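What follows draws every value from the coordinates through simple rules; no lab data is involved. These numbers were taken from a predicted model, which means no experiment stands behind them. As a convention, Cβ positions derive from the backbone with ideal geometry for all residues, glycine included, and neighbour counts pool all protein chains shown.
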Amino acid sequence: MVVDLHLHSDASDGTETPSELMRQASTAGVGVAALTDHDTLAGLQQAATTAHELGIELINGVELSVDHDDVKMHMLVYFVDPGGPFEAALEPLRRGRHIRNAEIVARLNGMGYAITIDDVERQAGGASVGRPHIADALIALGRFSSRDEVFETLLHDGGPAYVERSRMSATEAISRARDIAAVPVIAHPATIRLPEAGYGELFRTLTDRGLGGIEAHHSMHSPALRARLVDIADELGIAATGGSDFHGEGKRPYRIGRGRGDLSVPMAAVDALEAQRGR
Ligand code: AMP
Ligand code: ZN
Ligand code: FE
Ligand code: FE
């Protein structure tokens, strides 16, 4: 049975509706899936309806951008429930996105790219609007051919049109998650900018504060890194999870359940995640 615990829909920066995403997951053989949109739970209900029809076990998730002592990282939170205090804490994050998107558009205008915030919102359509939608608006202008190209040229962290946005601290995200018996997991550690020696200490500190897992099996990780991260998670006594980070066909070279072709998330990841619930 295929497992994929990291998927995006058009509630954030994926291109498929939550229902279509579940249908594609089913076609890919997925039996356990998690929808993990950025800063929003808006897609979960629709995904749950279709997942139920297709016999997919759906885990409610979300992906946050957090920081810890100036180190930026993404955090996946699993077993979140719409309507509660955790969801309320996401609203200021989406508002922070709004402010930041307008600043990025202003920068782009200053650089001669004539897009408006309305163009960006129209590209997004969903609840959580971000840089990928700004990229889509620039592509619609005809100036670029892919999100990747726009990120490389303008929007990457520290890039010419990049603007920082307000983040939740990793500690706050962890404690808000544990308050509702949800499980916080560090996403794709390969994107954390730290010397390799620093990972161990970071993971240990956050585990002391309640971290429940590390996303070891991710599309962008090499097999060697996946194995190393599984070992680290084992040593810390937390879950080694995994998923593709699929954003829709053609958006990134990642396929549901398979990543770049070599991804295989073990069922043990789901068991370990469930064992972390309520800890
Ligand atoms: P934001 O959340 O608005 O800061 O946008 C960051 C998101 O953009 C990430 O979470 C990815 O989903 C996406 N992203 C980052 N780099 C790239 C890239 N090179 N190509 C396409 N999407 C990207
Ligand atoms: Zn994304
Ligand atoms: Fe991420
Ligand atoms: Fe993601």
Rounded to the nearest 500, what is the 222 nm mean residue ellipticity of the chain from helices alone, with -39500 (n - 2.57) per DSSP H run of 4+ residues and division by all residues? -12000 deg cm²/dmol
Would you mind pulling out the separation of the Cα centroids of the range 14-28 and the range 46-108, in Å? 18
If R₀ is 22 angstrom, what is the calculated FRET efficiency for the pair Thr205 and Asp179, using the beta carbon separation as r and rounding to 0.05? 0.70
Whole-number percent relative contact order across the chain, with pairs defined as alpha carbons under 8 Å at least 6 apart: 21
Just order 147-154, 220-227, 130-137 by mean Cβ neighbour count inside 10 Å, highest at the front, would you? 130-137, 147-154, 220-227
In nm, to one decimal, how far is the Asp148 label point from the Glu274 one, both placed 7 Å along Cα→Cβ? 3.7
At 7 Å along Cα-to-Cβ for each site, give me the label-to-label distance between Ala190 and Asp118 in nm. 4.1
Quick one: angle between helix 196-208 and the longest Cα principal axis of the chain, in degrees between 0 and 90, rounded to 10, please. 70
Give me the angle, in degrees from 0 to 90, between the Cα long axis of helix 18-27 and the longest principal axis of the Cα atoms of the chain, rounded to the nearest 10. 50
Give the distance, in whole Å, between the Cα centre of the range 111-150 and the Cα centre of the range 235-275. 28
Taking the Cα atoms only, what angle lies between the long axis of helix 170-179 and the longest principal axis of the chain, rounded to 10 degrees? 60
The chain, dipole about Cα centre (Lys/Arg Cβ +1, Asp/Glu Cβ -1), debye to the nearest 20: 260
Using the Kirkwood formula on alpha carbons, the hydrodynamic radius of the chain in angstrom works out to 18.9
Under 10 Å, Cα contacts only: if you run a Gaussian network model on the chain, which one of Pro195, Pro85, Pro266 comes out with the highest mean-square fluctuation? Pro195
Between Arg107 and Met1, what is the label-to-label distance in nm when each label sits 7 Å out along the Cα-to-Cβ direction? 4.4
Nonlocal amide H pairs with Gly213, under 5 Å, H built at 1.01 Å: Ile186, Ala239
Full-stretch length increase - Glu164, Glu249 - with 0.36 nm per residue and alpha-carbon distance subtracted: 27.8 nm
Amide H neighbours of Val62 under 5 Å, counting only residues 5+ apart in sequence or on other chains, H built in-plane at 1.01 Å? Val77
